[in-house]
Structures are given as structure tokens and as C-alpha cells.
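All remarks here apply to the structure that follows.
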């Protein structure tokens with residue numbers, strides 16, 4: 001069961017990455033990616049792995065040590081949970097970067113490279129986007145209407 005959940009966790013995240021990387025200008029991509037719920041399938045898989053193993057997981061995460069975390073990750077449940085955990089947060093960070101890049105009009109090819117880096121090495125992809133986004137300023141917001149006086 002754990003092996004299946006491990007495999008399934010990437011399979012449910014991959015379509016969202018494919019939309020952002022391969023068809024970033026398709027109208028359905030924006031509609032789908034705007035929802036933060038795109039991470040929910042991976043979160044459900046994470047819960048399906050962690051909840052039954054909570055007796056082993058909770059002591060390690062409540063009082064983490066290098067040895068304890070290493071031992072937990074050395075189990076099938078620990079590795080599958082860590083993988084789903086990484087996939088969920090990488091997808092959430094990639095989603096944020098993609099949405100922000102659309103507002104800033106960062107070229108899709110630049111974002112494709114950033115998103116691939118985010119899939120492979122999450123925090124480095126996020127760092128790359130934080131550096132990239134400084135090159136493209138956010139468009140100025142429309143001015144707010146003047147407040148109306150009452151009386």
C-alpha cells in the first residue's frame with residue numbers, strides 16, 4: 001500500500017506541473033492553477049501514509065533528532081510521507097511562483113526552467129524565482145476611486 005501511495009503522490013501532482021510548464025498561456029491553466037486546492041490530492045495521500053503511522057511519526061517530529069529523523073526516513077512509511085510532504089510544498093511554492101510570474105509577465109520559457117528546478121530541488125527553485133522576479137516589476141494597480149463624502 002505504501003509503495004502505491006508513494007507512486008501515486010507524484011502522479012496526482014504531475015498534471016498541474018505539466019499545465020504550468022507546457023501550456024502556461026492556455027486559459028484553463030490559469031483557471032485550474034488559481035485554486036490552492038490543487039495540492040489537496042497530495043495532502044490526502046500524505047495523510048493516508050502519516051495517520052496510520054502516527055505512533056512512529058509523532059515522537060520523531062515532536063522531538064526531532066538527526067538519528068530519529070534518519071531512522072524514520074529509512075522506513076517505507078517515512079520515505080513515502082516525506083516524499084508526499086515535499087511534493088505538496090513544492091507544488092504550492094511552484095503555484096505561487098507561476099501565478100506571480102503571470103502578473104509580472106515573466107517569459108514562459110524562463111518560468112519553465114524555474115518550475116523544473118522547483119520540481120527537482122524545491123527550495124532552490126523557489127530561490128531562483130525570488131531572484132528572477134526582481135527583473136520584472138509588478139504592473140501598477142489601477143488607481144482607487146476617490147472616497148465619497150457623506151452629508
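Scoring residue 35 on the criteria (1) within 19 Å of the chain's Cα centre (by Cα); (2) over 20 Å from residue 121 (Cβ atoms); (3) touching a residue at least 40 places away in the same chain (Cβ under 8 Å) leaves a single failure, condition (3).
Scanning the stretch 40-90 for residues that are in contact (Cβ under 8 Å) with a residue 12 or more places away in the chain and assigned to a helix (DSSP H, G or I) yields a count of 26. In the condition set (1) at pLDDT 95 or above; (2) within 15 Å of the chain's Cα centre (by Cα); (3) closer than 13 Å to residue 136 by Cα, residue 91 is compliant with all but (3). I'd like to check something: does the stretch 4-25 contain any residue that is modelled with pLDDT under 95 and over 29 Å from residue 128 (Cα atoms)? Among the residues of the stretch 4-25, at least one is modelled with pLDDT under 95 and over 29 Å from residue 128 (Cα atoms), which makes the answer yes.
Selection of the stretch 3-39 for residues being over 13 Å from residue 94 (Cβ atoms) and outside any helix (DSSP H, G or I) yields 23, 25, 26, 34, 35.
For residue 30, the test of being touching a residue at least 60 places away in the same chain (Cβ under 8 Å), over 30 Å from residue 97 (Cβ atoms) and out of contact with any strand residue (DSSP E or B) (no Cβ under 7 Å at 6 or more places or on another chain) is failed.
Do we find that residue 16 is closer than 30 Å to residue 106 by Cβ and touching a helix residue (DSSP H, G or I) at 6+ places or on another chain (Cβ under 6 Å) in this structure? I'd like the intermediate steps shown before the answer.
On the way: closer than 30 Å to residue 106 by Cβ: yes; touching a helix residue (DSSP H, G or I) at 6+ places or on another chain (Cβ under 6 Å): yes.
Yes.
The values are calculated or read from the model by the stated rules, or taken from the named source; none is laboratory data. Model, not experiment: these values are computed from the prediction. Please note: Cβ atoms are built from the backbone with ideal geometry, for glycine as well, and neighbour counts cover all protein chains shown.
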